[in-house]
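*Asks:* Can you keep this structure in mind? I'll have questions shortly.
The values are calculated or read from the model by the stated rules, or taken from the named source; none is laboratory data. Treat the numbers as computed from the prediction; the structure is a model and nothing was measured. Positions of Cβ are backbone-derived with ideal geometry, glycine not excepted, and every protein chain shown enters the neighbour counts. Please note that ligands, DNA and RNA were not included when accessible areas were found on the heavy atoms of the full protein model with its side chains. Shrake-Rupley method; radii C 1.70, N 1.55, O 1.52, S 1.80 Å.
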Amino acid sequence: MLVLGIESSCDETAAAVLENGSEILSSVISDQITIHSKYGGVVPELAGRCHIESIDRVIRKALDESKVTLKQIDLIAVTMGPGLVASLLVGVNTAKALAYALQKPLVGVNHLEGHLLAIFLQEPVEFPFVALTVSGGHTELYRVDGFGDYKILGRTRDDAAGESFDKVAKMLKLGYPGGPVIEKKARLGNPFAHWFPRAFLEKDSLDFSFSGLKTSVRSIIAKREQREGPVLSDEDISASFQEAVLEVLTTKLVLACKKERLSRVVVTGGVAANKALRQRVVSEGGNHGLQCFFPRPIFCTDNAAMIACAGYYKGRNNLPSVNGVLNLDASATLKL
Ligand code: KG4
Ligand code: ZN
C-alpha cells in the first residue's frame, strides 16, 4: 500500500511516500528558518504564504525521489490539526484537490498521532507503552494501547517544552529555532551553574508547567545585564535551563510508567531530537528497568513520513470512501 503524506501544520512544508507503513521511499522537508529567524519565532501569516509557495514543489520532489507516480498512490494522508490554521489549510486544501482530481481516498491525520507513531517508521514497539510527546506546541504523556487507542495521562498547563527552549534562545538572542542552539551552547556550559526552579506541581501529578522556569531565566538575564548577582555565561544559562527541563521530563516519564505499571517508553516530537534528553531518559529509565525508544532525530521534528505512517494505520483495513474527500477540514485545536 502506497501512502502520500502531507504535513504543513507549522513552519515545515513536508511530503513523503511510504510503502506498507514503514518503508520510506521519500521524505522531503522544506523549512522556513530563514524567514522566521529574524522574528525569533514563527509568524503565522508568513508561514501560510510560504507553504503556498513550496507545497507543489515539495510534493513533486517526494514523488520523483520515490519513483512513484500520483496514479500509483493508494491513499493520501494529510495533517488536519492541531496547528496554525493558515498553515494547515494549505496542506489540507492541496490534499483535497489531489484526492478529488485523482479520485483517491483521503485521510485526515492528527499531527500528534503522527508524532506518537513516528517510531513505527523504524521498529514495531509492542503495545502498551507510555509516550512522551515533546514539541514546540505540546508536552504530553500518553498511555498507548494500540493504533488509535490513546489515553492522556498529563499535559502542560502553560508553555510547551519546545516553546520554552525557543523563548530562552530568543531572550539570549541566539536565533530560532531555539532547541538546537540551546543544546549546542549547553554542551559548553555547567548545568549546575544556577539552580532554576522545577515545577513538579501536586504530588504524583503528571502535568507540566514551564512558564515559571522561563520567567526565572528572564530575571537572571535581566540581572546579568544590570551586573547584579552571579555572572553567568550564555553557555551556563543554557546548560542550567536545559538541566531543569530534562529533570522534570524524565522524572514525570518514570512516574507515568510506575503509575501505569508499564516498562516501555517512546519519546517523540521535536525536543526528543535533543541528545542530552535521549541520554538522560536512557540512563534514568534504565535505572527503573525501562526500555526506551526514540525515532531518529529527523523523524522527531515535523515531517510527512510520520503523517503517512499514521494515515496508513488509520486507512489500512478500511480505506475511506472517495466521496467524503471534500468534507475534510482543518482544525487548529484538534484533540487526540
Ligand atoms: O515537533 P516539532 O518539529 O514541531 C511542533 O510540532 O511543534 O518541534 C519543534 C520544537 C521547537 O520548539 C524546537 O526548538 C524544538 O522542537 N527542538 C529542540 C531540538 N530540536 C528541535 N529542542 C531541544 N533540543 C533540540 N535539539
Ligand atoms: Zn510537531
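*Asks:* So, in region 34-43, how many residues would count as being among the hydrophobic types (A, V, I, L, M, F, W, C) and loosely packed, with under 12 Cβ neighbours inside 10 Å?
*Replies:* Quick first cut of region 34-43, residues among the hydrophobic types (A, V, I, L, M, F, W, C) only: 35, 42-43.
Imposing the further condition that a residue be loosely packed, with under 12 Cβ neighbours inside 10 Å reduces the set to none.
Adding up the residues that qualify gives 0.
*Asks:* For region 134-152, which positions are closer than 20 Å to K259 by Cβ, of a type outside the set (A, V, I, L, M, F, W, C) and more than 12 Å from ligand 2 (Cβ to nearest atom)?
*Replies:* Answer for region 134-152, where residues must be closer than 20 Å to K259 by Cβ, of a type outside the set (A, V, I, L, M, F, W, C) and more than 12 Å from ligand 2 (Cβ to nearest atom): Y142, R143, D145, G146, D149, Y150, K151.
*Asks:* Restricting region 282-323 to residues that are in contact with a strand residue (DSSP E or B) (Cβ under 7 Å, 6 or more places away or on another chain) and free of Cβ contacts under 8 Å to residues at least 40 places away in the same chain, which is farthest from D74 (Cα to Cα)?
*Replies:* We begin by selecting, within region 282-323, every residue in contact with a strand residue (DSSP E or B) (Cβ under 7 Å, 6 or more places away or on another chain); these are 282, 285, 290-295, 300, 302-305, 307-312, 314-315, 319-320.
Subset that is free of Cβ contacts under 8 Å to residues at least 40 places away in the same chain: 282, 285, 290-292.
Working: V282: 38, G285: 40, L290: 38, Q291: 35, C292: 33 Å.
So, considering only residues that are in contact with a strand residue (DSSP E or B) (Cβ under 7 Å, 6 or more places away or on another chain) and free of Cβ contacts under 8 Å to residues at least 40 places away in the same chain, the one farthest from D74 (Cα to Cα) is G285.
*Asks:* Sticking with this structure for a sec: Surrounded by 15 or more Cβ atoms within 10 Å (Cβ to Cβ) and either within 30 Å of A97 (Cβ to Cβ) or out of contact with any helix residue (DSSP H, G or I) (no Cβ under 9 Å at 6 or more places or on another chain) (or both): does that describe G286? First the steps, then the outcome.
*Replies:* On the way: surrounded by 15 or more Cβ atoms within 10 Å (Cβ to Cβ): no; either within 30 Å of A97 (Cβ to Cβ) or out of contact with any helix residue (DSSP H, G or I) (no Cβ under 9 Å at 6 or more places or on another chain) (or both): yes.
No; evaluated as a whole, the condition is false for this residue.
*Asks:* A further question on this structure: Can you list residue pairs whose Cβ atoms sit under 6 Å apart, with the first residue in region 123-145 being more than 16 Å from ligand 1 (Cβ to nearest atom) and the second being of a type in the set (A, V, I, L, M, F, W, C) and open to solvent by 40 Å² or more (accessible area, probe 1.4 Å)? Count only pairs 6 or more apart in sequence or on different chains.
*Replies:* From region 123-145, the pairs are D145/F127.
*Asks:* Which ranges mark the strands (runs of 3 or more DSSP E) fully within region 107-191 that have 1 or more residues being crowded, with 22+ Cβ neighbours inside 10 Å and hydrophobic (A, V, I, L, M, F, W, C)?
*Replies:* Working: elements: 129-134, 139-146, 149-155.
The strands (runs of 3 or more DSSP E) meeting that bar are 129-134, 139-146.
*Asks:* Right, something else. Go over the candidates K71, K61, K67 one by one and state the one that is open to solvent by 60 Å² or more (accessible area, probe 1.4 Å) and at positive phi.
*Replies:* The conditions single out K67.
*Asks:* Restricting the search to region 221-238, which residues are open to solvent by less than 90 Å² (accessible area, probe 1.4 Å) and either aliphatic (A, V, I, L, M) or closer than 18 Å to K185 by Cβ (or both)?
*Replies:* I221, A222, R224, P230, L232, S233, D234, E235, D236, I237, S238, listed by residue number.
*Asks:* May I ask you to verify whether S205 is of a type in the set (S, T, Y) and either at positive phi or surrounded by 15 or more Cβ atoms within 10 Å (Cβ to Cβ) (or both)? It would help to see each step written out before you state the result.
*Replies:* Details: of a type in the set (S, T, Y): yes; either at positive phi or surrounded by 15 or more Cβ atoms within 10 Å (Cβ to Cβ) (or both): no.
No.
*Asks:* Please go through region 261-281 and give me each residue that is open to solvent by 40 Å² or more (accessible area, probe 1.4 Å) and either touching a residue at least 24 places away in the same chain (Cβ under 8 Å) or away from ligand 1 (no atom under 16 Å from the Cβ) (or both), ordered by number. Before you say what the answer is, go through the steps one by one.
*Replies:* Looking only at region 261-281, we keep the residues that are open to solvent by 40 Å² or more (accessible area, probe 1.4 Å), and these are 261, 263-264, 275, 278-280.
Of everything in region 261-281, those that are open to solvent by 40 Å² or more (accessible area, probe 1.4 Å) and either touching a residue at least 24 places away in the same chain (Cβ under 8 Å) or away from ligand 1 (no atom under 16 Å from the Cβ) (or both) turn out to be R261, S263, R264, K275, R280.
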